[in-house]
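The values are calculated or read from the model by the stated rules, or taken from the named source; none is laboratory data. In this text, all values refer to a predicted model and were calculated from it rather than measured experimentally. Cβ atoms come from the backbone with ideal geometry, glycine included; neighbour counts cover every protein chain shown. Side chains included, ligands, DNA and RNA excluded: accessible areas come from the protein's heavy atoms. Shrake-Rupley method; radii C 1.70, N 1.55, O 1.52, S 1.80 Å.
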Amino acid sequence: MDLQERLREGIALFDVRLFELGGTPVTVATLVIFLIIVLVTLGVSRVLRGVLERVARDRRVVDEGSIGVTSRLLHYAVLITGFAVALNTIGVNLTALFAAGAIFAVAIGFAMQNLTANFVSGVILLFERAVKPGDIVEVDGQMVRVTRMGIRATVARTLNEEDLIIPSSQLVQSTVKNFTLRDSIYRLGTTVGVTYESDMALVRKVLEETLDGLDWRSKKYEPAVLMREFGNSSVDFAISVWIADPWKRYRRLSDLHEAVWFALREAGVTIAFPQLDVHFDSPVTESIQSLKRAG
């Protein structure tokens, strides 16, 4: 057998019909092309993911968590496109396949509403970047630090060193206070009440000097001292300073309370406490005095 006959037999082998798919014959050649397209798709996906991760890390555009999520989304997008081209090559009717897939996706969506909502919310968070790893946020009235973000859920650390797993939909559908969205400056405030007999000018002077002398406060904004209201037992002053790290607010609030307490005490100013004066009618007063005399 000469070389030409062998070539003809090899070419004929590629034309061997294996089976039919949707009325289209699938041959060895089309099957080989399908496998080549799949392998090329995997290779392209790997190269694109590598380029994306390298560029993002070099330019520090996003954090590691966001890079990983974006990389996975790119991988899925390339795979879907590659498989669509490969299936079209072997004669699969993509229109009918997509229609069936849409029906299947709707059925799955109804059955897994929460999972679908979390997935979509995770993608929204990824692109909007309203919440990022390292941010300090308040969720359900609790301050937490975001440590890792995924498509389905976000992992956060509390002040008590506990890990919270927060569904992505909760971060998208509810109000979330982000203390570090633009900067980490945080206003720390409290209230102190003094007796009505106090020298209010002296109280203001002591409070202003105390706040101004706090070495841990942020110098970006000036502290504030405001006479807020006349209470039942005290004249209340609202005081506030700014700190650079909201994560330390409870520690700094304790420091603020201590500084104000000692400063007012040293200045001879009495910090008021709730008091109640009871007045008796004359008959009651006379009865009490009679009991004392009888005793």
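Quick notes
- To put it simply, the accessible area of segment 162-291 at a 1.4 Å probe is 52 percent carbon and sulfur.
- Here's the list of lysines a cross-link from LYS220 could span, going by alpha-carbon distance under 26 Å and ignoring same-chain residues fewer than 8 apart: LYS132, LYS177, LYS205, LYS248.
- Segment 115-168: relative contact order as a whole-number percent, Cα under 8 Å and 6+ apart: 31
- If the segment from LYS205 to ILE271 were pulled out straight at 0.36 nm per residue, it would be longer than the present Cα-Cα gap by 22.2 nm.
- Rolling a 1.4 Å probe across all protein chains gives ARG217 an accessible area of roughly 20 Å².
- Spin-label model, THR81 to TRP261: label points 7 Å out along the Cα-to-beta-carbon direction sit 6.5 nm apart.
- Fully extending the segment from ARG148 to LEU31, taken as 0.36 nm per residue of separation minus the present Cα-Cα distance, adds 37.9 nm.
- Between GLU138 and TYR196, the contour length at 0.36 nm per residue exceeds the Cα-Cα span by 17.1 nm.
- Extending 7 Å from Cα along the Cβ direction at THR89 and again at VAL120 yields two label points whose distance is 3.5 nm.
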